[in-house]
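Enquirer: This is the structure, below, for whatever I ask next.
The values are calculated or read from the model by the stated rules, or taken from the named source; none is laboratory data. No experiment lies behind these values; they were computed from the predicted model shown. Glycine also receives a Cβ, built like all others from the backbone with ideal geometry; neighbour counts cover every protein chain displayed. For accessibility, only protein heavy atoms count, side chains too; no ligands or nucleic acids. Shrake-Rupley method; radii C 1.70, N 1.55, O 1.52, S 1.80 Å.
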Amino acid sequence: MTASSDVIVRDRPGAPELHAERGINTALLGMLLFIASEVMFFAGLFAVYFNIRASHPRWPPEGAEHFGVNPIVLVATGLLILSSFTLQWGIWRIRRDDRTGMNRALVITLVLGVLFLVLQGIDYSILYGEGIRLNSGIFGSLFYTMTGFHGAHVFGGVVGISVMLLRGLAGQFSARHHVAVEAVSIYWHFVDVVWIALFTTLYVLR
């Protein structure tokens, strides 16, 4: 179904009706509008972070001096970036009517997304042991709020990819009908971009 009505085309009298789609698909439009709202949401979080950071001459504040990039976060970041490529590969495969290739790409992307969440949980446990907690100060509150909301979005993406994989295994997608996979891929790429911004802001720039 599209945002605009189909146009009925006949090549010659008595020929079967052909439906030419016009406009943007409603599923894609809905996803783009949702992402636009999420952009504003995360922009607000970043605005709060930089405003508070600018008001503190010492950053990170006392108690978080040793916070920074660690191997776990680097691996997690690499896996999430890689997952965008594997998912896009799946899109390219289904556009060529290769449902098997798409399903394989979805499986790989799903595994990478779950691994990211596991590594984020491990990183949280390490930081908790180092005294950086949600209630340990302004830095901890900001860090867990920003990364926690992102983690929730990754989990939502994992659920979406799982649904697409189940539908793909049931043979529901083809080169002409795969808009749901396209919509989920747009969301996943957005989640990836947000993490790159968070990683750069929280871990690199601090």
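Enquirer: Can you give me the number of residues within segment 174-202 that are open to solvent by 30 Å² or more (accessible area, probe 1.4 Å), within 22 Å of Met102 (Cβ to Cβ) and part of a helix (DSSP H, G or I)?
Expert: Total meeting the criteria: 4.
Enquirer: Give the residue, chosen from Leu115, Leu119, Leu134, that is touching a residue at least 24 places away in the same chain (Cβ under 8 Å) and either among the basic types (Lys, Arg) or open to solvent by 70 Å² or more (accessible area, probe 1.4 Å) (or both).
Expert: Checking each option against the conditions leaves just Leu115.
Enquirer: Name the residues in segment 142-162 that are open to solvent by 20 Å² or more (accessible area, probe 1.4 Å), of a type in the set (Val, Ile, Thr) and touching a helix residue (DSSP H, G or I) at 6+ places or on another chain (Cβ under 8 Å), would you?
Expert: Thr145
Enquirer: Give the residues of segment 164-173 that are in a helix (DSSP H, G or I), open to solvent by 30 Å² or more (accessible area, probe 1.4 Å) and in contact (Cβ under 8 Å) with a residue 12 or more places away in the chain, sorted by residue number. Before you say what the answer is, go through the steps one by one.
Expert: First pass over segment 164-173, keeping only residues in a helix (DSSP H, G or I): 164-169.
With the extra rule that they be open to solvent by 30 Å² or more (accessible area, probe 1.4 Å), the set shrinks to 166-167, 169.
Answer for segment 164-173, where residues must be in a helix (DSSP H, G or I), open to solvent by 30 Å² or more (accessible area, probe 1.4 Å) and in contact (Cβ under 8 Å) with a residue 12 or more places away in the chain: Arg167, Leu169.
Enquirer: Test Gly90 against the stated conditions and say whether it is over 19 Å from Ile196 (Cα atoms), at pLDDT 95 or above and either part of a helix (DSSP H, G or I) or among the aromatic types (Phe, Trp, Tyr) (or both).
Expert: Taking the combined requirement at face value, the residue satisfies it.
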